[in-house]
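Derivation of every value follows stated rules applied to the coordinates shown; laboratory data play no part. Everything numeric in this text was worked out from a predicted model, so none of it was measured. Glycine also receives a Cβ, built like all others from the backbone with ideal geometry; neighbour counts cover every protein chain displayed.
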Amino acid sequence: MDTRSCIFITGAATGIGRATARLFAQRGWFVGLADIDQAALLTLSQELGAQSATPLHLDVTSSDDWHLALKKFHSLCGRLDVLVNNAGILISGPFESNALSRHHALVDVNLKGMLNGCFHAKPYLSSTPRARVINLSSTAAVYGQASLATYSSTKFAVRGLTEGLNVEWQKDDIRVMDIMPLYVRTGMVKDLNARSADRLGVRLTAEDVARVIWKAADFKGSYGKVHWPVGLQAIWLYRLTSLTPDWLARFIARRIAS
């Protein structure tokens with residue numbers, strides 16, 4: 001079994017997941033690369049090498065996939081220091097312009113996928129000292145976003161799950177945190193139809209987010225540090241809406257999106 005710290009990353013084949021896998025591997029961790037995209041997963045696995053990473057097939061909407069992937073990873077490592085729930089999808093544009101099935105798919109991947117992961121990972125996390133879960137949320141969980149309503153809803157749910165489990169699992173020595181970037185230059189924002197992206201720009205890189213995930217994984221302070229905005233824009237949006245009354249937060253959100 002591997003004696004190094006071990007991290008399991010969903011959506012690891014591309015974007016933020018890939019950047020995070022590369023960063024942790026570079027810093028000596030053993031990385032579980034979990035994704036449904038087998039071709040991209042194999043490419044990344046070959047890049048990092050068998051001594052640093054292992055590829056794992058995972059459809060996050062499948063409870064059975066989660067059970068098998070985590071069991072295989074734990075058999076290699078004997079521990080689970082960090083679970084990064086990164087896998088996610090996005091739709092944009094007017095709410096009614098997307099088929100209902102696509103809205104349901106967002107809930108299945110972005111929320112149910114994360115629930116599956118937390119549930120199946122809990123025994124492995126509990127047996128690893130100072131373990132933690134890092135969930136990918138968004139500044140869309142600060143105030144509901146026009147043209148991103150369902151995506152925003154799933155990220156609010158991620159925020160609630162994170163806050164609740166961070167309290168509940170403290171007794172098990174497990175921290176639960178979330179990462180809140182604004183728009184990130186990945187394939188997810190291709191053909192994005194949201195006025196807020198035009199106004200605020202797509203400034204962050206996947207590597208920017210990966211560095212904040214590293215800080216969260218290495219953080220040794222209070223359990224009260226739960227939310228991690230990424231970049232100055234996200235930090236100010238988070239602080240501003242946390243301090244302002246609802247009417248002003250809605251006004252700010254409307255100005256950004258219209």
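Show me 46-59, 89-102 ranked by packing, highest mean number of other Cβ atoms within 10 Å first.
Ranking the peptides 46-59, 89-102 by packing returns 46-59, 89-102.
Can you tell me the mean projection area, over all orientations, of the convex hull of the chain's alpha carbons? Units nm², please.
Values: hull surface 52.5 nm².
One quarter of the hull surface, i.e. the mean projection, equals 13.1 nm².
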Determine the distance separating the Cα centre of region 141-189 from the Cα centre of region 48-99; give it in Å without decimals.
-> 16
Alpha-carbon spread of region 1-80, three principal axes, descending order, Å = 30, 26, 17
The set of residues whose placed amide H lies less than 5 Å from the amide H of Ala53, leaving out same-chain residues fewer than 5 positions away, is Val31
Taking a ≥ b ≥ c as the square roots of the eigenvalues of the Cα gyration tensor, with a/c under 1.5 meaning rounded and otherwise prolate when a/b exceeds b/c and oblate if not, region 96-144 is oblate
Kindly put Val142, Val107 in sequence by how many other C-beta atoms sit within 10 Å of each C-beta, fewest to most.
-> Val107, Val142
